[in-house]
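Notes follow the structure.
Bear in mind these aren't lab numbers, they're just calculated from the coordinates by the rules spelled out. As the structure is a prediction and not an experimental result, all values here were calculated from the model. Backbone-built Cβ (ideal geometry, glycine too); neighbour counts: all protein chains shown.
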Amino acid sequence: MSKYYAKEKTPWVGEDQLAKILRDAYLLDPVLIGKKAPNMTLYKQDGSAKSIYDVDKPYTLIFFWAPDCGHCEKAAPFLVKFFKEYKDQVEVITICNELGEEKVKKCWESASDHEFNDMINLADPKYSSHFKTVYNVKTTPAIYILNKDKEIIMKRIPAKELPDVMKQLIERDNKAKP
C-alpha cells in the first residue's frame, strides 16, 4: 500500500477513491494480524479502570458487542460456552459498544443477562479510548484473539467457531515449544 498508493504510483485511481483507500489502510494498519494489539484502558461497572494489557493469561479474547445487536445475541451463548471450556487459558474481555452513561447502564444489565459475569466486562461511556476507531469496529460482534505478548493472532471469526479455532491455536503453540 505505502509503496504504490501512498506515493501516487497509481494514476488509474481517482483522487476520491485514493483518499478512501489510504484512509481505510491507515485505520486497518494497527490491527493487522501479527501486530501488537493497541492497548486501551476502559472501565468496569464499578468505575475502576482496566487495561487490555493487564490480562495475564496465554490468550486474550476481545469481544466487541452491543446490547441491541441481534448477531451479538446469537453469538453470546457460544461465547459463554467457549469461556467455560477455555477459561484456564483464555481471558475474555467484553467491550460494550454503547456510549454515554445512560446507554452504558444497558450494557451492564445485558452482560448479566448473557451470563458474561465471570468475564471482564468493560465499557467507555465517555469514549476516551476511541476503541471503535482504534480496533476498526464498524459492526458487532467483532472478535480479536491475542497471544500472551498481546499480538493479534486471529480476528473477525464467528463465535460459534471459537472452540475449534482455539484448539488449533493451542496445538500449534504447543508444537512450537522446545
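Quick one: putting +1 on the C-beta of Lys and Arg, -1 on the C-beta of Asp and Glu, what dipole do you get for the chain around its Cα centre, in Debye to the nearest 20?
Computed about the Cα centre, the dipole is about 640 debye.
Once Lys and Arg get +1 and Asp and Glu get -1 on their Cβ, which of VAL92, ALA49, ASN174 lies farthest toward the positive end of the dipole of the chain?
Projecting each Cα onto the dipole axis, the largest value belongs to ASN174.
Ranked by Cβ crowding within 10 angstrom, fewest neighbours first, how are ILE62, ILE157 ordered?
Working: ILE62 25, ILE157 16.
Going from sparsest to densest Cβ surroundings: ILE157, ILE62.
First select every other residue whose beta carbon is under 10 angstrom from the beta carbon of LYS84; then total the charges, Lys and Arg +1, Asp and Glu -1.
Once all neighbours under 10 Å are counted, the net charge is -1.
With labels modelled as points extended 7 Å from the Cα through the Cβ direction, what inter-label distance (nm, one decimal) is found for LEU99 paired with SER48?
Here the modelled spin labels are 2.8 nm apart.
Using modelled amide H (1.01 Å from N, peptide plane; none on Pro or chain starts), what sits under 5 Å from the amide H of ASN97, excluding residues fewer than 5 places away?
Under 5 Å from the amide H of ASN97 lie the amide H atoms of TRP65, ALA66, each far enough along the sequence or on another chain.
Ignoring everything except DSSP H segments at least 4 long, calculate the 222 nm mean residue ellipticity for the chain; use -39,500 (n - 2.57) per segment, divide by total residues, nearest 500.
On the way: 5 runs with 63 residues, N = 178.
Here the helix-only value at 222 nm equals -11000 deg cm²/dmol.
What does the net charge come to around ASP124 if you take all other residues with beta carbon closer than 12 Å to its beta carbon, with K and R at +1 and D and E at -1?
+3
FRET efficiency for LYS20 and GLU151, Cβ-Cβ distance as r, R0 = 25 Å, nearest 0.05?
0.35
How high is the relative contact order of the chain? Use alpha-carbon pairs under 8 Å, at least six apart in sequence, and give a whole percent.
Relative contact order comes out at 28 percent.
Write down the percent of antiparallel bridges among all DSSP beta bridges whose residues are both part of the chain, to the nearest 5. Present the calculation step by step, with values, prior to reporting the outcome.
Working: 13 of 23 bridges.
Expressed as a percentage, antiparallel bridges in the chain total about 55.
What dipole magnitude, in Debye to the nearest 20, does segment 73-112 give about its Cα centre under +1 on Lys/Arg Cβ and -1 on Asp/Glu Cβ?
140 debye
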